[in-house]
Amino acid sequence: MSTLGKLRSPETVPTLVLATHWVPEHLDWDENRALAVKAIWALGGIPAPEARAALEGLRDAENEIIRENAVKQLSRRGEL
């Protein structure tokens, strides 16, 4: 489990959502958006309506990787 995956509090949802959009300069080369994917996995592990709402919002993201991973997490949670 990644460090982000250990964040289980609904209070972390806004920060995790920000992490899905933030591309630090040192990760600008990463077309796979690893930080965003890890943040989405962390959202998937938070059993709260705030996390579900965040994942539903990410389902409409411009970035295909973000969209696909949000859908995967919603599906895994049985919320599709």
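Remark: residue 9 falls outside the filter, which requires a residue to be polar (S, T, N, Q) and modelled with pLDDT of 95 or more. Considering region 37-80, the residues that are assigned to a helix (DSSP H, G or I) and among the polar types (S, T, N, Q) include one that is surrounded by the fewest Cβ atoms within 10 Å (Cβ to Cβ), namely 75.
Residue check: residue 26 meets all listed conditions (1) at pLDDT 85 or above; (2) part of a helix (DSSP H, G or I); (3) surrounded by fewer than 18 Cβ atoms within 10 Å (Cβ to Cβ) but one, namely (1).
The values are calculated or read from the model by the stated rules, or taken from the named source; none is laboratory data. From a predicted model like this one, the values you see are computed outputs, not experimental measurements. Counting neighbours? That spans all protein chains shown, and the Cβs are built from the backbone with ideal geometry, glycine included.
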